[in-house]
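Since the structure comes first, as structure tokens, the remarks are kept for the end.
The values are calculated or read from the model by the stated rules, or taken from the named source; none is laboratory data. Just so it is clear, the structure is predicted and the values come from calculations on it, not from any experiment. Quick reminder, even Gly has a Cβ in these numbers, built from the backbone with ideal geometry, and neighbours come from all protein chains shown. Ligands, DNA and RNA are excluded from the accessible area calculation, which covers all protein heavy atoms including side chains. Shrake-Rupley method; radii C 1.70, N 1.55, O 1.52, S 1.80 Å.
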Amino acid sequence: MSKLKEVVARIQLIAPTISGEPLAGARYSPEASASPTQCFSNAQRKAKQSGGGVLYGWMFQYREATALPGQGYVLAVNHAVWHAPDKKLIDVTPFHDNPHHHPIVVNADAVLFLIGSTATPLRNDHAGLALPSWFFPLTEDEAIAAYVADLTAKELTEREAQVTAIDGLKASTRATELFRARRGAII
């Protein structure tokens, strides 16, 4: 089995733990006016210009654990795509310059995307913040599981600090419940 097929098979197993909604492909078609890492505003601008809407969810990346040669993990990153008027999903956000941050692409031009109606970013009237990323070991090895649990704990601590710094978000019931649930899910 190729590495991509192995990673996609793992994603198919873990996707239901993130969202009960479909795992789909969003055709990669970056907009000239769009900026890498700005998927929420890119998708909103495209929907405003061309109709349709914004669909929130998760894109996936594969990473090698540098401290554990041969071990890898899957990262699910809060993401948004344009839901075109013809109901197609289009990822209008250009890839990051560093290939390390590229999403998993299937069928030559489709970004693997997990739809998540509860994956809207945390917001107040002036700012938005992506939800914390999810981390999953590619195998059942204890060392990679511990490594991923550490990454998860660090991610949650960092995001909580960001939420606290944004007025109006730290008191958000949604943010409080989100962090409580995610901390409870750490292996």
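Within straight-line reach of Lys88, meaning a Cα separation under 15 Å, sit the following aspartates and glutamates at least 8 residues removed in sequence or on another chain: Asp109.
The residues packed around Thr139, meaning those with a beta-carbon under 12 Å from its beta-carbon, carry a net charge of -3 if Lys and Arg are +1 and Asp and Glu are -1. Per-residue ellipticity at 222 nm computed for the chain from its helices equals -11500 deg cm²/dmol, with DSSP H segments shorter than 4 residues left out and the rest contributing -39,500 (n - 2.57). Within the accessible area of the chain, the carbon and sulfur atoms contribute 54%, probe 1.4 Å, all protein chains present. Please give the FRET efficiency for Asn107 paired with Thr66, using the beta carbon to beta carbon distance and R0 = 25 Å, rounded to the nearest 0.05. The pair Asn107/Thr66 has a calculated efficiency of 0.25. The heavy atoms of Phe95 offer some 50 square angstrom of accessible surface to a 1.4 angstrom probe.
State the percent of C-alpha pairs, over all pairs in the stretch 1-72, separated by a distance greater than 13 angstrom. Please list the in-between numbers first.
Numbers: 1928 of 2556 pairs.
Of the Cα pairs, 75 percent sit more than 13 Å apart.
Taking every pair of Cα atoms in the chain, average 1/r, invert it to obtain the Kirkwood radius, and report Rg/Rh to two decimals.
Using only Cα positions, Rg/Rh for the chain is 0.96.
Residues whose amide H comes within less than 5 Å of that of Ala24, counting only those at least five positions distant or on another chain, are Phe113, Leu114, Ile115 (H built at 1.01 Å from N in the peptide plane).
At full extension, Thr17 and Ser41 could sit 6.0 nm farther apart than now, given 0.36 nm per residue minus the alpha carbon distance. What is the Cα centroid distance between the stretch 81-158 and the stretch 1-56, reported in whole angstrom? Each part reduced to its Cα centre gives a spacing of 8 Å. Taking every protein chain into account, the accessible area of the chain amounts to 53 square angstrom per residue (probe 1.4 Å).
For the chain, modelled as a GNM whose springs connect Cα atoms under 10 angstrom apart, the maximal fluctuation among Ser133, Ser41, Ser117 occurs at Ser117.
Annotation: Lys88 carries an accessible surface of approximately 120 Å², with a 1.4 Å probe and no ligand, DNA or RNA atoms counted.
Using a probe of 1.4 Å, the accessible surface attributed to Ile166 totals some 40 Å² when neighbouring protein chains are kept in position. Measuring nothing but how far apart in sequence close Cα pairs (under 8 Å, 6+ apart) lie, relative to its length, the stretch 1-143 scores a relative contact order of 31 percent. Comparing Asn78, Asn107, Asn42 in a Gaussian network model of the chain (Cα springs below 10 Å), the most mobile by mean-square fluctuation is Asn107.
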